[in-house]
1. Averaged across the residues of B:141-147, what count of C-beta atoms belonging to other chains lies within 10 Å of each residue's C-beta?
2. Could you pull out every residue, at least 5 positions away or on a different chain, whose amide H is within less than 5 Å of the one on B:Val9? Hs are placed 1.01 Å off N in the peptide plane, and Pro or chain starts have none.
3. Taking the Cα atoms of region B:113-230, report the difference between the largest and smallest coordinate on each principal axis, in whole Å and largest first.
4. If you take each beta carbon of peptide B:56-67 and count the beta carbons of other chains within 10 angstrom, what is the mean?
5. Can you run phi through the Karplus equation (6.51, -1.76, 1.60; θ = phi - 60°) for region A:113-129 and list ³J(HN,Hα) in whole Hz, with x for Gly and Pro?
6. Mind ranking B:54-66, A:198-210, A:21-33, B:100-112 by how tightly packed they are, going by the mean number of other C-beta atoms within 10 angstrom, highest first?
7. In nm, to one decimal, how far is the A:Arg200 label point from the A:Leu222 one, both placed 7 Å along Cα→Cβ?
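Read the figures in this text as sums done on the coordinates, not as results from a lab. Every value quoted in this text rests on a predicted model; they were computed, and no experiment measured them. Using ideal geometry, Cβ is built from the backbone for each residue, glycine included, and neighbour counts are taken over all protein chains shown.
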Number of protein chains: 2
Amino acid sequence: MSEMKKAIVLLSGGLDSATVVAMAQAEGYEVYALSFRYGQRHSVELEAAAALADHMKVAEHKTAELDLRLFGGSALTADIDVPKDELDHSEGEIPVTYVPARNTIFLSFALAYAEVVGAKDIFIGVNALDYSGYPDCRPEYIASFEAMANLATKAGVTEDERVRIQTPLIDLTKAQIAAEGTKLGVDYSVTISCYDPNERGEACGHCDSCLLRAKGFAEAGLDDPTRYQE
Amino acid sequence: MSEMKKAIVLLSGGLDSATVVAMAQAEGYEVYALSFRYGQRHSVELEAAAALADHMKVAEHKTAELDLRLFGGSALTADIDVPKDELDHSEGEIPVTYVPARNTIFLSFALAYAEVVGAKDIFIGVNALDYSGYPDCRPEYIASFEAMANLATKAGVTEDERVRIQTPLIDLTKAQIAAEGTKLGVDYSVTISCYDPNERGEACGHCDSCLLRAKGFAEAGLDDPTRYQE
């Protein structure tokens, strides 16, 4: 029996990354999940990530500790209010929830992890809704990271196989993501998407991320099992 | 009086990065120094970095905490012996002291820092001696990181000015680096280059890094003020 191909999957504990784990597994990958404790205000997402990793039987789950509050500059890590009941960006503008260079940092850690376990594929759940506002969610950014990654590592020097950054959600709407994950059996009750949950892990229902998620489930005609605050 | 242009400089506490700080300052940059506590065995280098930052009057010095031991895979972070009295790599081979994706991770943090303080220039002290062995010290790697960085950040979306990764040491020998730094007044007694120093911060004199440093000073006809173990 041949060894399973390995993939690193960035796992935040939200709807998108849970769906990506299921998609990678459906493609036959043995999943090495990677989460980050980066000073985010909503650390209940890490509990969701751990629960998902367990529930979805990934091969390994690591949580990297790094403190992006060191630099500040985002509503998710500094003392800036998370916008409520409105999308926090317009076309061409950058949301205040943008964390400087976050995906670059996350993918860099994934690259280190990939090199150590011998994975060639790194999955990240960026999607079309994100890249309207976040520069590091755009397809051209992902392609340039992949090019860099192949020069950065041992793989780039000594092996034929290239590192690939896989973004299976990139052209999907939230509705399509929720539909795909439901088809693959993802238990979305374990996920949390809220930027500003309470201590019990209940979603606020009013932030950008909650609004997008609710809209997605509604459009897909699915019930969202997210627990909301009263 | 116009505001000084800002630069992020990766500061390890060694000969190379100390020289880079001096070179950036000589070019008129206000230096924001960035060091990393990444699980390295030789953490005395962080004391050297702090002393250098103070001594060289940088505008700000931050130390990011991140644990690369999470993944292992290097003599500098895992329980693998540091080679002594021999260069630990041959042409085309990767040294055991290589840390997977380290420069990519370090530059990613520098990119976040640059974005927050409004710096367009990131200096890193990679040089010709390194890129014979480390894939992430090669000029083509640096160029690809720079291309990625300009797609990753707000700068890439909303401003004309490009992020630049500057590698002023890339074509210099250790002898040329030591000569240049000495000319600029760098106090090399504050630096430490050893991969395996003792608790008092004294260099072993026998690892790859010590051998290269000693050779550099000798070729430059300079005295190396490094403190060696008895």
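1. Neighbouring Cβ atoms belonging to other protein chains average 5 per residue here.
2. B:Tyr32, B:Ala33, B:Leu34, B:Phe123
3. Largest to smallest, the principal-axis extents are 56, 28, 28 Å.
4. 2
5. Working through the residues one at a time gives 4, 4, 5, 6, 8, x, 8, 9, 10, 10, 9, 9, x, 5, 8, 3, 5 Hz.
6. Ranking the peptides B:54-66, A:198-210, A:21-33, B:100-112 by packing returns B:100-112, A:21-33, A:198-210, B:54-66.
7. The modelled label-to-label distance comes out at 2.5 nm.
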